[in-house]
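Undergrad: First the structure, which I've put down as structure tokens, then a few questions once you've had a look.
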Amino acid sequence: MNRPGRLITLDGPGGVGKSTTLAALAAHLRQHGAPVHTTAEPSDNRLGRFTRAHADHIRGHALACLVAADRYHHIETEIRPRLDAAQDVLCDRYLASTLVVQRLDGVPEPFLLDLNADVLLPDLAVLLTAAPATIRQRLTTRGAHHRFEQDPETPAREVRLYEQAARTLERMKVPVLVLDTTEATPSETAERIAEQAPPYADTVIDSHTRPDDPR
């Protein structure tokens, strides 16, 4: 299947600068003539807003199902139409975040992969990381956005789980770019991403490609 636009996703622990980097990347691509649409998950539709509002109270497998349902709806109503209209879609959180945040909530990876077996895979999955101490300091300054960020041990666990998520995505033949933001500015990080973004191609990865069981 062909699609004119590129799907670039940005994931990583809270406090690594995903939102600011995404904004810088969008500005950089637009300066170079690329039509860009920015979005985020949970999405801004009613299902996504419900998910965001109740994520501190709905847990485990139920939350994983809700996140996946929002993703499928997000793809159908926003992401795929934008890609088909030859726009680059930049998404703040996507599949990699599911493979980390829902595992923090006790959901095993094989269940998550099955639940997301038919989602659109990114043309480039960017995983931002930083030293756990840096993340903790940033979260203290910024404040926690959800219950997962309230645990001081979460940054170190997230960093490890994102390393595992990168390997899982690579087994799924998804191009993965891991960038450390401990010292880099959002603008510097955005330039690195733009340099590594895949060229517009005639073919894309089969969304049904699955990794070997990592266990």
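Undergrad: Considering only residues that are among the β-branched types (Val, Ile, Thr) and buried (at least 17 other Cβ atoms within 10 Å of the Cβ), look in the stretch 1-37 and name the one that is nearest to THR154 (Cα to Cα).
TA: So, considering only residues that are among the β-branched types (Val, Ile, Thr) and buried (at least 17 other Cβ atoms within 10 Å of the Cβ), the one nearest to THR154 (Cα to Cα) is VAL16.
Undergrad: Can you find a residue that is surrounded by 17 or more Cβ atoms within 10 Å (Cβ to Cβ), among the acidic types (Asp, Glu), touching a strand residue (DSSP E or B) at 6+ places or on another chain (Cβ under 9 Å) and not in a loop (DSSP other than H, G, I, E, B) anywhere in the stretch 58-72?
TA: Scanning the stretch 58-72, I find no residue that is surrounded by 17 or more Cβ atoms within 10 Å (Cβ to Cβ), among the acidic types (Asp, Glu), touching a strand residue (DSSP E or B) at 6+ places or on another chain (Cβ under 9 Å) and not in a loop (DSSP other than H, G, I, E, B), so the answer is no.
Undergrad: Continuing with the same structure: When the residues of the stretch 141-200 are narrowed to those that are surrounded by fewer than 17 Cβ atoms within 10 Å (Cβ to Cβ) and β-branched (Val, Ile, Thr), which ends up modelled with the lowest pLDDT?
TA: Of everything passing the filter in the stretch 141-200, THR141 is modelled with the lowest pLDDT.
Undergrad: Also, I was wondering about something else. Would it be correct to say that ARG49 is more than 27 Å from VAL178 (Cα to Cα), more than 15 Å from the chain's Cα centre (by Cα) and not small (Gly, Ala, Ser)?
TA: Considered against the rule, which asks whether it is more than 27 Å from VAL178 (Cα to Cα), more than 15 Å from the chain's Cα centre (by Cα) and not small (Gly, Ala, Ser), ARG49 comes out as yes.
Undergrad: Just the residues that are assigned to a helix (DSSP H, G or I) and either in contact with a helix residue (DSSP H, G or I) (Cβ under 7 Å, 6 or more places away or on another chain) or closer than 21 Å to LEU127 by Cα (or both), please, taken from the stretch 84-110.
TA: Correct list: LEU95, ALA96, SER97, THR98, LEU99, VAL100, VAL101, GLN102, ARG103, LEU104, GLU109, PRO110.
The values are calculated or read from the model by the stated rules, or taken from the named source; none is laboratory data. From a predicted model like this one, the values you see are computed outputs, not experimental measurements. Using ideal geometry, Cβ is built from the backbone for each residue, glycine included, and neighbour counts are taken over all protein chains shown.
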